[in-house]
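Here is the structure we will look at, set down as C-alpha cells.
The values are calculated or read from the model by the stated rules, or taken from the named source; none is laboratory data. Please read these numbers as outputs of a predicted model, since none were measured by experiment. For neighbour counting, all protein chains shown are included, and Cβ atoms are generated from backbone atoms with ideal geometry for every residue, glycine included. Areas reflect the complete protein model, heavy atoms only, side chains present, ligands, DNA and RNA absent. Shrake-Rupley method; radii C 1.70, N 1.55, O 1.52, S 1.80 Å.
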Amino acid sequence: MLDVLAKLTRDGLLDAQAAEQITQAVAAGKSLDDAWRQAAGASEEKILRALAAYYDIPYVDLEKDSAQCAPSKEFLAKFPARILIDRKLMPLAPSGDGDGVAVVTCHVFDTTGLDELRLATGFDVHAVLAPSAEIDRFIKKYLGVGADTLQSLGGADDDAVKVLEEQADSELDLTHAAQDASIVRFVNQVMAEALELRATDVHVEPFENQLRVRYRIDGVLQEANIPPQVRKFQAAIVSRLKILSHLDIAEKRLPQDGRIRLRIAGREIDLRVSVIPMIYGEAVVLRILDRGDTLLGLEHLGMSPRDNRAWQRVLDLPHGIILVTGPTGSGKTTTLYAALSKINKADLKIITIEDPVEYQLRGINQIQVNVKSGLTFAAGLRSILRHDPDVVLIGEIRDRETAEIAVQASLTGHLVFSTLHTNDAPSATTRLVDMGVEPYLVASSLEMVAAQRLVRLICLQCKEPLPGDEVQKLRGEFGREVPEVVYRGAGCRSCQGTGYHGRQGVFEMMPVTDEIRALILSRSSSRELRKVATRQGMSSLRDDGWRLIREGRTTVEEVIRTTKDEELAISMGPVDTTGK
C-alpha cells in the first residue's frame, strides 16, 4: 500500500495530506478503494488510469467506446443483476479471443465482487477499470431500471406472481403483491429516475407482450430502459401506484384520478395520478409537480423587453381580463403563477379557482374544482365574487357561463386572469365571441392576450456552431431571418444525447388598444386583428422564436416544430364565423 501511495503522491495525484488521510482510514478498517476515493482532492479518473498502468490492468472509456463495449441482452442475462448492481460490475461484450470475460469495475484492490461473479456464472472473469459514475450509467442503460428487484421477483417465486396476474380480481392477493419489497423498490426507482432526468410526466403503458415506461423530458417523450420481464408484474406495479394515491385497487373498469405526495432529498414533490383501463391492462400517467421548480419570477420567463414592458403594465391595472392562450403543456400556468407572485401583496386579496390546483401559493386563496360535488368553475366563480377579491384567477374558460361571469367580474372592478385554448393571441377574441359573449362585452373587458409555447434550449455542455453549408441551406429556406452563426447541441451525457436541456417560453403579446377594440366590436376576423396588432408592434410566436435563435439559445428545427400550427393557421386564414 505504501508503494502505491508513494507513486500517486510522486505523480501529483495525491498530496501528502491526502496520503495521510488514506493511511489512517485503512488503519481504521476501511478498504483502500474507499479510502482513496474519499481523500481530499482525489480525482477518480486520473487515479484509476494511474493504477491501471501501475498494475497492468486495462482501462476503458465507457462513454467513448460504449458501442464496442455493450453486451447483448442474451449474454447479459447470464449474469445475476443483483451482484452486478450491488458490486458495481458490468460484463463487456465478449472479444472472441478466448481470454475469458472482461468485467468493468471501479475497485482495484477489492476482488470480492469478481469472485462472486466467477462462482455464480462459471466464467473466467478479469477486471477492466472505469470510473464509478460511468459504470452506474452503463448499468442503467443496459440492465434497465430496477433490474435487480425484478430479477429477485422472477426467481424462486416466479410462479406465484403469474398466479396473481391470473387472479386479478383477488384484491387481497394483489394488495400483498403490490406491497412486496421488490415492487415497492422498482416503483421508487422509476420515480427517482424520472426526477433525476427532469421528467414532467411518467407514462406506464401495457401492451400484449410489453410494459412500456416513458418519460416526458423537455416536452418530448423518451422511452425508459426497463427489463422485458417487468410485463409479468404489471398488475402489481399499477396496484402499488393505486395504493400510494389512495385509489380503489379492485376497480379496473373505470378511470381513476389520485395524488401522491413525496419528499425526495429535501424536495417536496406532488404526483397527479391518472389510471385508465386499456385492452391489455390499466395504463398510468404520473404528472410530476416539483414545488421547488415552479415559482419563477417574471424575469425568468424569457420575454423580450417589449413584451415584458407590456406584460408588466397590465399587471398594474385595477380591473380587466388578461388571457394566456396556448395548447396543454405550453407553460400557461407557470406564466400566470409568476404574475400572481409579482402582485401578491398584503393589500390585495387574490383568489384562484383551478382544476386541479397544481401548486400551492403562499398568501393566495386557492379553490379546487370538484364537479362531482357541484363545484364547477361557474359555481365557484359566483361564490368567489362574494368574498370581496381584488384579483381572480380562473384556471380555464371552458364555456359561455364561465366566460360571461369572468366578463362581469372584470366590469365590476376585478382583475381577472385566465387561460384559453387557441393557437394564437388574436384568435382568443373570436373564441370568446363564438362562445356567446357579446362583442361589446369582450371589447370593454379584455386588456391583454398573450399566446405562448415552450421551446427546448440548446444544451450548454455540447453547444456547437452549425456548419456553414447547413447555415446556407437554412438561408435558402428562411432568408434573412437566419443569423450569421446558428448553434445546435451535438448530444452529450448531460442532455441524454438530445442536444437540448431545459425549456423557455416564446410569446405573442397583444395589448387590446382602442383600434383593436373597434375591430372586436365589428366582429372582425382574427386575421384582421393580427394585421393591426402586428402594425402596432406585436411579434408572432415564430418571430419571437427567431429572437432566441439569434441569441444562440435554441435551434431553427425547434422553433419550426413548436410554432408550425400557428403559422399554418395564419397562412390558411381563419374560418369565417360571422356570416359575412
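I want to confirm something. Restricting to segment 100-115 and keeping residues that are out of contact with any Asp or Glu (no Cβ under 8 Å at 6 or more places or on another chain) and surrounded by fewer than 16 Cβ atoms within 10 Å (Cβ to Cβ), which single residue is farthest from Asp34 (Cα to Cα)? Among residues in segment 100-115 that are out of contact with any Asp or Glu (no Cβ under 8 Å at 6 or more places or on another chain) and surrounded by fewer than 16 Cβ atoms within 10 Å (Cβ to Cβ), the one farthest from Asp34 (Cα to Cα) is Asp115. Take Phe75 and tell me if it is assigned to a helix (DSSP H, G or I), open to solvent by less than 40 Å² (accessible area, probe 1.4 Å) and of a type outside the set (Lys, Arg). Yes; evaluated as a whole, the condition is true for this residue. Restricting attention to segment 455-486, the residues that are surrounded by 17 or more Cβ atoms within 10 Å (Cβ to Cβ), of a type outside the set (A, V, I, L, M) and farther than 23 Å from Glu63 by Cα total 1.
A residue that is among the β-branched types (Val, Ile, Thr) and either without any contact (Cβ under 8 Å) to a residue 12 or more places away in the chain or open to solvent by 60 Å² or more (accessible area, probe 1.4 Å) (or both) can be found somewhere in segment 2-20. For Asp270, are the conditions met, namely being assigned to a strand (DSSP E or B) and touching a Leu at 6+ places or on another chain (Cβ under 6 Å)? Yes; evaluated as a whole, the condition is true for this residue. Being more than 17 Å from Leu415 (Cβ to Cβ) and over 22 Å from the mean Cα position of the chain (by Cα), is that true of even one residue in segment 337-351? Looking for residues that are more than 17 Å from Leu415 (Cβ to Cβ) and over 22 Å from the mean Cα position of the chain (by Cα), one finds none in segment 337-351, hence no.
Residue count for segment 371-387 satisfying the condition of being over 20 Å from Phe417 (Cα atoms) and of a type in the set (S, T, N, Q): 1. Would you say Glu438 is more than 21 Å from Leu317 (Cβ to Cβ), open to solvent by 70 Å² or more (accessible area, probe 1.4 Å), modelled with pLDDT of 95 or more and touching a helix residue (DSSP H, G or I) at 6+ places or on another chain (Cβ under 9 Å)? Judged against the criteria, Glu438 is a match. Arg431 passes every criterion in (1) under 20 Å from Val369 (Cβ atoms); (2) within 32 Å of the chain's Cα centre (by Cα); (3) of a type in the set (Lys, Arg) apart from (1).
The residues of segment 202-254 that are open to solvent by less than 30 Å² (accessible area, probe 1.4 Å), part of a loop (DSSP other than H, G, I, E, B) and in contact (Cβ under 8 Å) with a residue 60 or more places away in the chain, listed by number, are Asp218, Gly219, Ala224, Ile226, Pro227, Ile249.
May I ask you to say which residue of Thr498, Thr578, Thr562, Thr555 is surrounded by 22 or more Cβ atoms within 10 Å (Cβ to Cβ) and at pLDDT below 95? It would help to see each step written out before you state the result.
Details: Thr498 fails: surrounded by 22 or more Cβ atoms within 10 Å (Cβ to Cβ); Thr578 fails: surrounded by 22 or more Cβ atoms within 10 Å (Cβ to Cβ); Thr555 fails: at pLDDT below 95.
It is Thr562.
Look at (1) within 24 Å of Arg547 (Cα to Cα); (2) open to solvent by less than 60 Å² (accessible area, probe 1.4 Å); (3) among the charged types (D, E, K, R); (4) in contact with a Pro (Cβ under 9 Å, 6 or more places away or on another chain) and you find that Arg313 fails only one, number (2). For segment 49-68, the criterion of being among the β-branched types (Val, Ile, Thr), in a helix (DSSP H, G or I) and over 30 Å from Cys495 (Cα atoms) is satisfied by no residue at all.
State yes or no: is Ile322 at pLDDT below 95 and either in a loop (DSSP other than H, G, I, E, B) or over 19 Å from Val202 (Cα atoms) (or both)?
When the stated conditions are applied, Ile322 does not pass them.
Applying the condition of being open to solvent by 60 Å² or more (accessible area, probe 1.4 Å) and under 26 Å from the mean Cα position of the chain (by Cα) to segment 352-405 and asking which residue is nearest to Thr328 (Cα to Cα) yields Asp355.
Return yes or no: is Ile83 part of a helix (DSSP H, G or I), in contact with a Lys or Arg (Cβ under 9 Å, 6 or more places away or on another chain), open to solvent by less than 40 Å² (accessible area, probe 1.4 Å) and of a type in the set (A, V, I, L, M, F, W, C)?
Against the criterion (part of a helix (DSSP H, G or I), in contact with a Lys or Arg (Cβ under 9 Å, 6 or more places away or on another chain), open to solvent by less than 40 Å² (accessible area, probe 1.4 Å) and of a type in the set (A, V, I, L, M, F, W, C)), Ile83 does not qualify.
Filtered by the rule that a residue be under 30 Å from Gly497 (Cα atoms) and among the basic types (Lys, Arg), segment 25-79 gives Arg37, Lys46, Arg49, Lys64, Lys73, Lys78. Quick check on Val471: is it modelled with pLDDT of 95 or more and part of a helix (DSSP H, G or I)? No, not satisfied. Close Cβ contacts (under 7 Å, 6 or more residues apart or on different chains) running from residues in segment 258-269 that are among the small types (Gly, Ala, Ser) to residues that are at pLDDT 80 or above and part of a strand (DSSP E or B) comprise Gly258/Val273.
Candidates Asp169, Asp158, Asp124, Asp136: the one that is loosely packed, with under 13 Cβ neighbours inside 10 Å and at pLDDT 70 or above is Asp124.
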